[in-house]
Amino acid sequence: MKINEIQGNLNNIEIKVKILSVDKREISTSKGDTVYYYGLVGDDTGVLPYTAWEFPAPIKAGDVVQVKYAKTKLYNDRIRLYFDSKTELLLKPGEEMDVKNTYKEVKLMDLSTKSPFVAVTGKISNMSGKEYNKAGKTLTIYNGFIEDDTSKVRISSFGKPLENGKIYRLVGAKVSEFNRQLEISIGDKTEVFIENEDMDFERYYKLFEVDNPAGGITIIGFIITLGTKSGIIKRCSECNKPLSTGVCPDHPDKPTKLDIFSYFTLDDGTKYIQCIAGKKAIMPFIGVKEEELPRYAGEIYKMLEDKLYGHAVKVNADFIKNDGDLSLRVNSIENVEKEDIRKDIELNQ
Ligand SMILES: [Zn+2]
């Protein structure tokens, strides 16, 4: 049997497929915690998602397997293959199989402009549309974020809205670099599927594990230096440029606004990295509101030093590219107990 011949709910299917991806999920049921596997399989006629309650450990993505006694079910208009305790998965070592029209399935952490067209699966958030004109037509571009269990990146979609909170599989999405980060865009040729699997996002990493500009990552570490220029700066309210003289050369009539930022070095026991944090991260952390900034102008460096320097913190941040190196743009900071971080470091040594 071939994938394109499968229709509806079938039992005892025998089919030879290539395993394209293997993901694992733990769930709690009334009978206790259990694990299942899911992913995609393909052959020269198509690609199907599967769910496996049992999955032989040596089988991995890229392997060709002979499947016996599998089932299919139609679920939300999509056929899914099920492997249970009756199913036999026989590995075909060394065997190659062409898969129809497939893009490499990648995790968001592994995006690279070197392979610019990929298939990704992730949850959409903060997506909103913006109209623009092209050749006399009004078109809409949708911008937001997509995240999986490894990273969170920007996504843009030309004409096709994606719903916030839903999981999509995007086949033939394009990877590009913008603002020193990687992002994904979907266009006319991208195939868009709604997925049913929910996803959990606990993206804790050690610094040495990350070599890509991944987003929405949690790192725990000590702040070992604090940049002396950290503090309050003035910006033009029109163009947002930082102003050293207090007046914007391009908009001298516009009012200025105060902003706060901080540079520091974070060390997690595996590596250290330069971080920059703006007011969205700093103000809640030191407990100062925007309208209170003028009042604290003189003492803000001392406040930052007291709360940051030498402290153990948990940051949520985006990695950004800096001339071949990575730095962190911090989205939020919170304190952690030194005991927790010591344990964390010991466990990883
Ligand atoms: Zn300006």
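The values are calculated or read from the model by the stated rules, or taken from the named source; none is laboratory data. Small disclaimer: the values here were computed from a predicted structure and weren't measured. Cβ placement follows ideal geometry from the backbone for every residue including glycine, while neighbour counts extend to all protein chains displayed. Protein only, heavy atoms only, side chains kept; ligands, DNA and RNA dropped before computing areas. Shrake-Rupley method; radii C 1.70, N 1.55, O 1.52, S 1.80 Å.
For this structure, a couple of remarks:
- Listed conditions (1) in contact (Cβ under 8 Å) with a residue 12 or more places away in the chain; (2) open to solvent by 50 Å² or more (accessible area, probe 1.4 Å) are all met by P213, apart from (2).
- Members of region 254-263 found to be away from the ligand (no atom under 15 Å from the Cβ) and out of contact with any helix residue (DSSP H, G or I) (no Cβ under 8 Å at 6 or more places or on another chain), listed by number: Y263
- L207 more than 16 Å from the ligand (Cβ to nearest atom) and within 22 Å of E147 (Cβ to Cβ): yes
To keep it simple, each residue is scored yes or no on (1) part of a strand (DSSP E or B); (2) farther than 22 Å from S176 by Cβ; (3) among the small types (G, A, S).
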site: V35; (1), (2), (3): yes, yes, no
site: G42; (1), (2), (3): yes, yes, yes
site: I59; (1), (2), (3): no, yes, no
site: V65; (1), (2), (3): yes, yes, no
site: Y69; (1), (2), (3): yes, yes, no
site: M97; (1), (2), (3): no, yes, no
site: S112; (1), (2), (3): no, no, yes
site: Y132; (1), (2), (3): yes, no, no
site: T140; (1), (2), (3): yes, no, no
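Listed here are the residues, each with its yes/no results for (1) among the basic types (K, R); (2) touching a Ser or Thr at 6+ places or on another chain (Cβ under 6 Å).
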site	(1), (2)
E95	no, no
S112	no, no
R154	yes, no
I167	no, no
L170	no, yes
K174	yes, yes
Q181	no, no
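- The lone exception for N164 - which of (1) in a strand (DSSP E or B); (2) over 24 Å from I219 (Cβ atoms); (3) modelled with pLDDT of 90 or more it fails: (1)
- Matching option when the condition is at pLDDT below 90, surrounded by 15 or more Cβ atoms within 10 Å (Cβ to Cβ) and assigned by TED's automatic domain parsing to the domain that holds N335, among L266, L293: L293
- Candidates R80, R154 - the one that is touching an Asp or Glu at 6+ places or on another chain (Cβ under 6 Å), part of a strand (DSSP E or B) and of a type in the set (K, R): R154
- Residue count for region 169-186, restricted to those that are open to solvent by less than 20 Å² (accessible area, probe 1.4 Å) and assigned to a loop (DSSP other than H, G, I, E, B): 0.
- Among all positions in region 8-16, there is no residue which is under 31 Å from the mean Cα position of the chain (by Cα), open to solvent by less than 80 Å² (accessible area, probe 1.4 Å) and at pLDDT 85 or above.
- Filtered residue count, region 225-253, keeping only those that are more than 8 Å from the ligand (Cβ to nearest atom) and surrounded by fewer than 11 Cβ atoms within 10 Å (Cβ to Cβ): 7
- Residue that is in contact with a Leu (Cβ under 7 Å, 6 or more places away or on another chain) and more than 30 Å from F319 (Cα to Cα), where the choices are K71, K100, K86: K71
- Beta carbons closer than 9 Å, at least 6 apart along the sequence or on distinct chains, pair a first residue in region 218-236 that is among the aromatic types (F, W, Y) with a second that is not in a strand (DSSP E or B) for F222/D268; F222/G269; F222/G310; F222/H311; F222/K338; F222/I341.
- Checked against (1) closer than 21 Å to K104 by Cα; (2) surrounded by fewer than 19 Cβ atoms within 10 Å (Cβ to Cβ); (3) among the hydroxyl-bearing types (S, T, Y); (4) touching a strand residue (DSSP E or B) at 6+ places or on another chain (Cβ under 9 Å), Y69 passes all but condition (1).
- When the residues of region 305-345 are filtered to those that are in a loop (DSSP other than H, G, I, E, B) and open to solvent by 40 Å² or more (accessible area, probe 1.4 Å), the one that is modelled with the lowest pLDDT is E337.
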